[in-house]
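J.: Below you'll find the structure I mean.
The values are calculated or read from the model by the stated rules, or taken from the named source; none is laboratory data. Just so it is clear, the model here is predicted, and its values are computed rather than measured. In this analysis, Cβ positions are derived from the backbone assuming ideal geometry, glycine residues included, and neighbour counts consider all displayed protein chains.
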Amino acid sequence: MSTGFDRDAQEFTRGASAIVVLPDMGGSARDADARLEETAGLALAIGVDVRHRVPFRVRAPKPGTLIGSGQVDQLAQMVRDEDLQLAVFDAALTPVQQRNLETALGCKVIDRTGLILEIFGERARTAEGRLQVELAHLDYQAGRLVRSWTHLERQRGGFGFLGGPGETQIEADRRLIRDRMARLRRELDAVSRTRTLHRDRRQRAPWPVVALVGYTNAGKSTLFNRLTGADVMAENLLFATLDPTLRQVSLPGIDKAILSDTVGFVSDLPTQLVAAFKATLEEVVSADLLIHVRDVAHPDTAAQASDVEAVLREIGVDDTTPRIEAWNKLDLLSEDDRTEMLGEAAHREDIVALSALTGEGVDRLIRTVGDRLTEGHRRYRIALAPEDGASAAWLHAHGEVTDHWVDDDRAFYDVRMAPADYDRFLTR
């Protein structure tokens, strides 16, 4: 199943000459230029050749075209003058608006949701990722059959389970989409059950799970690679990471923890994608600690942080889940801004200023994560038989052994660990 643009437009998706349009309806906390740049970056991420970025002030959205008729004429002239093939709207277009704009402009039109779906379709690598993208795309495309399919006016007679007498092609197509979506949801439910089993197994171990979350292109994968020595794709691209990656890491006071790199969030993330990616994002929901990676060099960093928190609430992350903010990309700041960021972070236990690219501040982040995960740990003195190497290894694996000595044929261990782990040790 193809994802993204209509099937008749697939041949010019990559390399298409395009104009990015921002219908500015006011009330946004975001800078218009930054919003245009972000949407252009989304288009560039799938190889679109962005020729122009145009903001339009929209006082009253038009039901048929969203923007005003004069603005439509202006866009149509630009499309004709430069033979543009694509208009990307940083807005959610209804099927009617999309069809009317395509007719008026004489080129392909795609909205923000369709653009993000196209990127996800290109970037998904695992079978699970492809299932999630296809489900989201089918949900989105179901309302656009009138616009994108050419055979919908035909009718066909009944063929038993294929449809009753006189069923139109569009009704049949919608039913086929519903059936396919139901199958995809069953497959994703199976994936979700498997993830739950894996999580239950980890929790019995138990290893704490730390999830990296943040706006797309905030530097999560670069930080993940820095912390784990992995080689996850980390490029200056929006949505470079779609499929979740888990790696084992060692932290101060914790022999083993699981670090999870997740899909980046974005403003106005399509609801279809939030629903489809819930199986993946369950790693975030069940995490013991969240590291919210922020690009503090971005002009809209505060608005991006608000968008991330909104998505976290939408997927069911509890406000009580401990979190640390990693103020990333110090290397891109001016000296004055950098000094200000470092000064502010120094007085906050929940903020670490760093550069995942250069490594500055990463050691402090590791210490802070270890401290946060071991909060509430207590000190215990445990006596073992000197030959009981298995129990000694267990203590090293699940706690922090701060001292060890042998006296009167007994081996003594001073250990910092969670009370739950101490109880588990006693029941071994």
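J.: Do you know which of the residues in the range 20-50 that are in contact with a helix residue (DSSP H, G or I) (Cβ under 6 Å, 6 or more places away or on another chain) and either polar (S, T, N, Q) or assigned to a strand (DSSP E or B) (or both) is farthest from Gln85 (Cα to Cα)?
T.: Asp24
J.: For the range 61-91, which residues satisfy the criterion of being in contact with a Lys or Arg (Cβ under 8 Å, 6 or more places away or on another chain), surrounded by 15 or more Cβ atoms within 10 Å (Cβ to Cβ) and of a type in the set (Gly, Ala, Ser)?
T.: Across the range 61-91, the qualifying residues are Gly68, Ala87, Ala91.
J.: So, Ala418, is that one small (Gly, Ala, Ser) and farther than 30 Å from Gly214 by Cβ or not?
T.: So Ala418 does not fit the description; no.
J.: Follow-up question, since we're still on this one. Among residues belonging to the range 395-420 that are surrounded by fewer than 18 Cβ atoms within 10 Å (Cβ to Cβ) and closer than 16 Å to Lys256 by Cα, point out the one that is nearest to the chain's Cα centre (by Cα).
T.: Among residues in the range 395-420 that are surrounded by fewer than 18 Cβ atoms within 10 Å (Cβ to Cβ) and closer than 16 Å to Lys256 by Cα, the one nearest to the chain's Cα centre (by Cα) is Ala397.
J.: Taking the options Val96, Val54, name whichever one is surrounded by fewer than 18 Cβ atoms within 10 Å (Cβ to Cβ), modelled with pLDDT under 95 and either touching a Phe, Trp or Tyr at 6+ places or on another chain (Cβ under 7 Å) or under 23 Å from Met25 (Cβ atoms) (or both).
T.: That would be Val96, the only listed residue that is surrounded by fewer than 18 Cβ atoms within 10 Å (Cβ to Cβ), modelled with pLDDT under 95 and either touching a Phe, Trp or Tyr at 6+ places or on another chain (Cβ under 7 Å) or under 23 Å from Met25 (Cβ atoms) (or both).
J.: Based on this model, can you work out whether Ala346 counts as loosely packed, with under 15 Cβ neighbours inside 10 Å, outside the structural domain of Gly143 (by TED's automatic domain parsing) and modelled with pLDDT of 90 or more?
T.: Answer is yes for this residue.
Let's see how each residue does on (1) surrounded by 12 or more Cβ atoms within 10 Å (Cβ to Cβ); (2) at pLDDT below 80; (3) under 30 Å from Ile258 (Cβ atoms):
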{"site": "Ile116", "(1), (2), (3)": "yes, no, yes"}
{"site": "His137", "(1), (2), (3)": "yes, no, no"}
{"site": "Gly164", "(1), (2), (3)": "no, yes, no"}
{"site": "Arg180", "(1), (2), (3)": "yes, no, no"}
{"site": "Glu187", "(1), (2), (3)": "yes, no, yes"}
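J.: What about Asn217, is it modelled with pLDDT of 80 or more and part of a loop (DSSP other than H, G, I, E, B)?
T.: Yes: the conditions hold for Asn217.
J.: Looking at Val293, Val311, which is the one that is more than 22 Å from Leu365 (Cβ to Cβ), buried (at least 18 other Cβ atoms within 10 Å of the Cβ) and not charged (D, E, K, R)?
T.: Just a single option satisfies the conditions, and that option is Val311.
J.: Which members of the range 347-373 meet the condition of being more than 17 Å from Ile291 (Cα to Cα) and not polar (S, T, N, Q)?
T.: His347
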